[in-house]
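A short write-up of the structure that comes next.
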Amino acid sequence: MNNTVKIILLSLLCAALIAIFLFTGMIGQWDYVFPRRVYKIAAIAITGAAIAFSTLVFQTVTNNRILTPSIIGLDSLYMLLQTFIVFVFGSSSRLVTQPELNFLLSAGCMLLFVGILYRLMFKGEGRHLYLMLLVGLVLGTFFGSMSTFMQVLIDPNEFLVVQGRMFASFNNVNTGLLPLAFAVMIAVLLYGLRYLGILDVMSLGRDHAVNLGIAYDRTVKRLLVIAAVLVSLSTALVGPITFLGLLVVNVAYQLMATYRHRALLGGSILIGIAALIGGQLLVERVFTFSTTISVIVNFAGGLYFLYLLLRENKI
């Protein structure tokens, strides 16, 4: 079975899951229920595509298939920002009650952090990529500790607001944010598509890529910016989903069985969308909203992460 057939089958699977999600269990009030489900599907598509593309790019650049962009501390920074807002300004602040303002502030702060980190780590010549990953990991731990410290001090009623931001959710996505998020994602994807052939070469490693004429350091910076924008977009839109990218990209590698990023990108995006729709169906129809989709995805992704580590250890 070639990759074109696999992409078609994945597309049919996504279409079937979308149809099940949209039309099953709908009793009356179509004018209220159906649009809300359509908005959820739109948010799922944006999130799945953004996380899949950012993780695929990040793993190729780092030449490591057990890393995700969250390792540089973006998820922890998002939670620190949400906790800080509630801790300082309270849950009634406009920064909390107005989703558009919160989205712009969260995405802006994450991109500013990434810009400063890239500026410091890639200053001058040399191999600074793994130093950047190490610094990002340390800063992520620091941000997480600061978030926990403030969460212990705030009022329990205020903490409920923060707790709602700890886990990704598609149940309360602000519909006004979807056009902006969609426009940003499409713009970044169109810009990133021209690097798919370069990513095929970069997957051979730094030395081979340089010998084949790739301006490696400059290309790495641009690709990392793409990954940072996409993961900031998805995190600010629905919240952190740590292991989704790791799960869908590695499944795509095994399913597509190719090094060509054009096929891997299509497979990763479709698998990501299917995984999120399937997870949302479990949340709504099986667990009756007693858990969140990020718990399901992180549980499955965590198990898969352990499997990858054990497999690499055997090799």
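The alpha carbon centroids of the stretch 169-194 and the stretch 270-305 are separated by 21 Å. Derived value for the chain: Kirkwood hydrodynamic radius 20.4 Å. Basis is the mean of 1/r over every pair of different alpha-carbon atoms.
From the largest down, the stretch 20-168 spans 63, 39, 23 angstrom on the principal axes of its Cα atoms. Estimated purely from DSSP H runs of n ≥ 4, each contributing -39500 (n - 2.57), the mean residue ellipticity at 222 nm for the chain is -25500 deg cm²/dmol once divided by its residues.
When the alpha carbon gyration tensor of the stretch 236-315 is reduced to an equivalent ellipsoid, the three semi-axes, largest first, read 24, 16, 10 Å. Comparing Phe53, Phe305, Phe34 in a Gaussian network model of the chain, where Cα atoms under 10 Å apart are tied by springs, the biggest mean-square fluctuation is seen for Phe34.
Rg/Rh for the stretch 1-55 (Cα atoms only, Rh after Kirkwood) is 1.09. For the chain, the solvent-accessible area of protein heavy atoms averages 48 Å² per residue (probe radius 1.4 Å; ligands and nucleic acids excluded).
Computed over protein heavy atoms with a 1.4 Å probe, the carbon and sulfur contribution to the accessible area of the chain reaches 67%. In the distance distribution for the stretch 133-211, Cα-Cα pairs more than 14 Å apart total 79 percent.
The values are calculated or read from the model by the stated rules, or taken from the named source; none is laboratory data. All values reported here derive from a predicted model rather than from experimental measurement. Note: areas computed on protein heavy atoms with side chains; ligands, DNA, RNA excluded. Shrake-Rupley method; radii C 1.70, N 1.55, O 1.52, S 1.80 Å.
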